[in-house]
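Okay, so here's the structure we're looking at.
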Amino acid sequence: MAQDLHDGRHDDPFAVLGSQKRGRATWVTTVDHGAVSMAARIGGKDYPLDRVFDDLNVFSGKVPGGKPYTLVGRDKSGTEWEMQDAYRFGPVMGEMDEYLLGEGTHQRIWTVLGAHVMEHEGTEGTHFAVWAPNARRVSLVGGFNHWDGRRHLMRRRGATGVWEIFVPGVGDKEVYKYEITGPDGTLQPLKADPVGFGSQHPPENASVVRDIRGYGWQDARWMNNRQAHNARDAAISVYEVHLSSWRRHADDNNRPLSYVEAAKELIDYVADMGFTHIELMPISEYPFDGSWGYQPVGLFAPTVRHGPPHEFRNLVEAAHEKGIGVILDWVPGHFPADPHGLGRFDGTPLYEHADPREGFHQDWNTLIYNYGRTEVANFLVSNALYWLEEYHVDGLRVDAVASMLYRDYSRQPGEWVPNKDGGRENYEAIAMLRNTNTIAYGQQPGIMTVAEESTSFPGVSQPVDAGGLGFGYKWNMGWMNDTLSFMEKDPLYRRHHHNQMTFGIHYAFSENFILPISHDEVVHGKGSMLAKMPGNTWEKFANLRAYYGFMWGHPGKKLLFMGQEFAQPGEWNHDTELTWGVLDDPAHRGIQALVRDLNTLYRAQPALHVKDCDPAGFQWIEVNDAENSVLSWIRRGKAGDPEVVVICNFTPVERTDYHVGLPQVGTWREVLNTDAALYGGDNRGNMGAIKGKDVAHQGQPASARVVLPPLSTLIFVKV
């Protein structure tokens, strides 16, 4: 036994080390590999601890019972040190936590697992707990114990598979990992904490103790009213941001903004531009910059690239102060195989499937969670709740949902395992997503969840009790693909592809849709939004202006990736900031002004947002004028809200006498014209208004003759 203690291999160190009763006597036993002598100090008096064997650093001795002690060690030079003994402290985790963890129903695992700075039995320190059910031994290592796995062997908590230890004197900012011996006795690579609240700055990858208690939120007004900002009838216009490349400090080694700097610069900009929400690409800790956060390792740790956890809270609170919601990209679909991560965490395929046909993602060389294991599903559900509860984020956009829903996603026959019924649906992933949405909406009222789901899986944004997945919204990938394909074509040929701009209405109300122009459309050789547009320079800008007008006038919430609001010329590069310098060019400033005005109009006119997800809010006026590439439609809000008419001309031909139907007689104010000089156009239009006459046309009771500038979108509101 002494040899096992010396070597750090003992199965149950808490049964031997620390203060133990032996009959009527009390003995203190400890291991210290740097000491030549040890003593227990009680009430100022030292009680020597004898070396158990001459060649082992195990010390034991009799002491007065029932009294707290400290350990006093001396090395060969005579240097003395005094320290608290981690093995004199009892367990921290309670029986109910242990029961819920074992059952896989603990909704807030982060309150139990991970590293928690606390006072325990009258002493300040940190409690560490980690789930590793198949491990033979788990040891805590860090700078506080010279990364020596023999010093802090952890206590196994019964059948839960959880190991814990309270280490006195360890506090905020301490660096640590877990040293795990697998069931076959093989020592694993040092592992970061799956529920760690902080991490070292990449490429270093140890966990860091972060005390996340006691922030002192001041955003109660927002939190009490945020449901109105996230609802189906709300104006929702999202600015998608990769925080590391939005702005950088060229004069400071090209570093990205800190959370505190972003709380001022980014939030002020988003508010000025009229967006209602920001969506941050994943900020849970990730090792590789080039993954943009979509291959996370520390799901409970805001990336230290921009600062510690409290400073991320500063960013969220600043957004709320400006009336802006915060959505985080969340990645429960896969995780990287980095040695310090979740892969074979306790020496077995714990978080992932053992069978690569289920557990390995061929597209991304990553590992897939075993959603059918209750503890793994609970880990993910709890993580979603963690961001909503601890950081007051207002929504989660779930990445790559399609890859989770289908067992044969991106796989050839024979490369996947059917479900129990022989089908391709991943029942376990579906159950986890439903549970996540049910718990998230139940525990945090007013939030939103959004699915990036690229197939026609039914009921993505329908309630769970109605058979749906329970998301609040779904990205409309079909709309995005069709409309961008149309816009990329030379206007000469657009008449042959007119249906690409109209087909989306056939399913526009089957889900609660967000219209996304995301980062995926401006990387990997796809070019920027401006570069997609055909024609000469003027036509490129005009096409883009017309498209944005079409998008903001179309049913569905809006999302635009950073840089596209001012027509960044080149595709996005995550290693540098956006090309802000192009705003010296009036054409780029014009696009920026247009997006600002579109957001303002979208928010101000109920008809443009109240029934984004309701077919009663939309009616075609002209859907079949493919020859002229002209579209027109009506947007409606609630009873009494002014009606809105949108007209698009997707050819470079000015139409000076176009006859358009209108739902009402009277004056219609031209509230937006993408050909306005302010936006970089030529100021062609209708002198601010048109007059609807009592002449039926295009199925409408009234009509007017209008000027349609080339490559333009016009928006009219009934006076």
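The values are calculated or read from the model by the stated rules, or taken from the named source; none is laboratory data. Only a predicted model underlies this, so the values are computations on that prediction, with no experimental measurement involved. Reconstructed Cβ throughout: ideal geometry from the backbone, glycine too, with neighbour counts over all protein chains shown.
Only a single item in (1) buried (at least 16 other Cβ atoms within 10 Å of the Cβ); (2) outside any loop (DSSP other than H, G, I, E, B) is not met by Arg669, and it is number (1). In the set (1) crowded, with 17+ Cβ neighbours inside 10 Å; (2) under 29 Å from the mean Cα position of the chain (by Cα); (3) without any contact (Cβ under 8 Å) to a residue 60 or more places away in the chain, the condition left unmet by Leu190 is number (3). Selection of the range 347-363 for residues being under 23 Å from Pro413 (Cβ atoms), touching a Gly at 6+ places or on another chain (Cβ under 9 Å), not in a strand (DSSP E or B) and not charged (D, E, K, R) yields only His353. Scanning the range 697-711 for residues that are part of a strand (DSSP E or B), in contact with a Phe, Trp or Tyr (Cβ under 9 Å, 6 or more places away or on another chain) and surrounded by 20 or more Cβ atoms within 10 Å (Cβ to Cβ) yields a total of 4. Inside the range 444-462, residues that are under 16 Å from Asn230 (Cα atoms) and surrounded by fewer than 16 Cβ atoms within 10 Å (Cβ to Cβ) make up a count of 1.
Being under 22 Å from Gly196 (Cα atoms), assigned to a helix (DSSP H, G or I) and either of a type in the set (Lys, Arg) or touching a strand residue (DSSP E or B) at 6+ places or on another chain (Cβ under 9 Å) (or both) is not true of Ala429. In the set Ala607, Ala567, Ala542, Ala593, only one residue is under 18 Å from Leu678 (Cβ atoms) and touching a strand residue (DSSP E or B) at 6+ places or on another chain (Cβ under 8 Å); that residue is Ala542. Residues in the range 541-557: is at least one among the hydroxyl-bearing types (Ser, Thr, Tyr), closer than 17 Å to Ala593 by Cβ and in the same structural domain as Gly290 (by TED's automatic domain parsing)? Taking every residue of the range 541-557 in turn, at least one turns out to be among the hydroxyl-bearing types (Ser, Thr, Tyr), closer than 17 Å to Ala593 by Cβ and in the same structural domain as Gly290 (by TED's automatic domain parsing). Quick one: would you say His353 is of a type outside the set (A, V, I, L, M, F, W, C) and assigned by TED's automatic domain parsing to the domain that holds Ala262? Answer is no for this residue.
Checking every residue in the range 215-237 against the condition of being touching a residue at least 24 places away in the same chain (Cβ under 8 Å), out of contact with any strand residue (DSSP E or B) (no Cβ under 7 Å at 6 or more places or on another chain) and under 30 Å from Val141 (Cβ atoms) gives at least one match.
Take the conditions (1) crowded, with 17+ Cβ neighbours inside 10 Å; (2) under 16 Å from Thr455 (Cα atoms); (3) over 28 Å from the mean Cα position of the chain (by Cα); Met501 misses just one of them, which is (2). Among the residues of the range 482-510, those that are of a type outside the set (Phe, Trp, Tyr) and outside any helix (DSSP H, G or I) comprise Glu488, Lys489, Asp490, His498, Ala508, Ser510.
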